[in-house]
Amino acid sequence: MNKKDELWTLFQRLPAQNTAQLRSAFDAVISCYEQPHRAYHNVNHLHDLSVEFNKHADKFGADKAAVIAALFYHDIVYECAPKQDEQQSAAQAKIALTQLGIDRAIINDACQIISDTADHSSTASYAAKLFLDMDMSILAAAPNKYKAYAEGVRDEFCTKQNLTHDAFKAARTQMFLTPVLNGKVIFKTAEYKKYESIARQNIAWELNNFK
């Protein structure tokens, strides 16, 4: 199967009552992630998350449906407007998931996880923390993949916000890289704590060498 087919298989695991609308809802999600400005937050990112989800599927328990919903909708709005994007993504997720007839409690949990991606902190369930670590796992990628990620995010912001590379680096350093590096831990779950040192090395490389 190709990446979209694999994602479609996962999307069908949502406990929707209105199953006739599942395919159109999935296609609407994919169309958002295929917007031309998305150099990193695209279908490849969704697929990478699905791979991480499948690695840990047995750890989500009763929260599995909420995590699947959050996976697909957490970046459905991506205009390079931190916090606003997450708020609007949660709002759109609530509308779409309601139309699918998904249980309100699952929707609420999914929307909370999506909102938590604004600063990647959560006091909710272990499943929520695990999803946030999945989303941050790119920080511990192999050097070439991390470089492609850094370039992708830079290109997204420079395109949408009309920033120079220098302006972007200054903003990213202040708003993301330095706070993450200065935090006590990056990863909050046992499944990802082993990647802590690699993530810190990658961030240090970006701060010191990436232009």
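The values are calculated or read from the model by the stated rules, or taken from the named source; none is laboratory data. Since the structure is predicted, the reported quantities are computational estimates derived from the model, not experimental observations. When we count neighbours, we look across all protein chains shown, and the Cβ atoms used for this are built from the backbone with ideal geometry, even at glycine.
Summary of computed values
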item: So ASP58, is it surrounded by fewer than 18 Cβ atoms within 10 Å (Cβ to Cβ), over 12 Å from the mean Cα position of the chain (by Cα) and either outside the structural domain of GLN201 (by TED's automatic domain parsing) or more than 26 Å from ILE198 (Cβ to Cβ) (or both); result: yes
item: Test: LYS94 is free of Cβ contacts under 8 Å to residues at least 24 places away in the same chain and not in a helix (DSSP H, G or I); result: no
item: Residue among HIS41, HIS37 that is in the same structural domain as ALA93 (by TED's automatic domain parsing), touching a residue at least 12 places away in the same chain (Cβ under 8 Å), buried (at least 20 other Cβ atoms within 10 Å of the Cβ) and out of contact with any strand residue (DSSP E or B) (no Cβ under 6 Å at 6 or more places or on another chain); result: HIS41
item: Residue that is more than 16 Å from the chain's Cα centre (by Cα) and at pLDDT 95 or above, where the choices are THR9, THR19; result: THR9
item: Some residue of the range 128-135 being in contact with a Lys or Arg (Cβ under 7 Å, 6 or more places away or on another chain), basic (Lys, Arg) and part of a helix (DSSP H, G or I); result: yes
item: Residue match in the range 134-156 (condition: in contact with a Cys (Cβ under 9 Å, 6 or more places away or on another chain), surrounded by 20 or more Cβ atoms within 10 Å (Cβ to Cβ) and either outside the structural domain of TYR73 (by TED's automatic domain parsing) or farther than 27 Å from VAL43 by Cβ (or both)); result: yes
item: Number of positions in the range 185-197 that are surrounded by fewer than 16 Cβ atoms within 10 Å (Cβ to Cβ) and outside any loop (DSSP other than H, G, I, E, B); result: 4
item: Selected residue (criterion: nearest to LYS55 (Cα to Cα)) from residues of the range 164-193 that are of a type in the set (Lys, Arg) and under 20 Å from the mean Cα position of the chain (by Cα); result: LYS193
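Conditions (1) in contact with a Leu (Cβ under 6 Å, 6 or more places away or on another chain); (2) not hydrophobic (A, V, I, L, M, F, W, C), marked per residue:
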{"site": "VAL43", "(1), (2)": "no, no"}
{"site": "SER50", "(1), (2)": "yes, yes"}
{"site": "ASN54", "(1), (2)": "no, yes"}
{"site": "PHE60", "(1), (2)": "no, no"}
{"site": "PHE72", "(1), (2)": "no, no"}
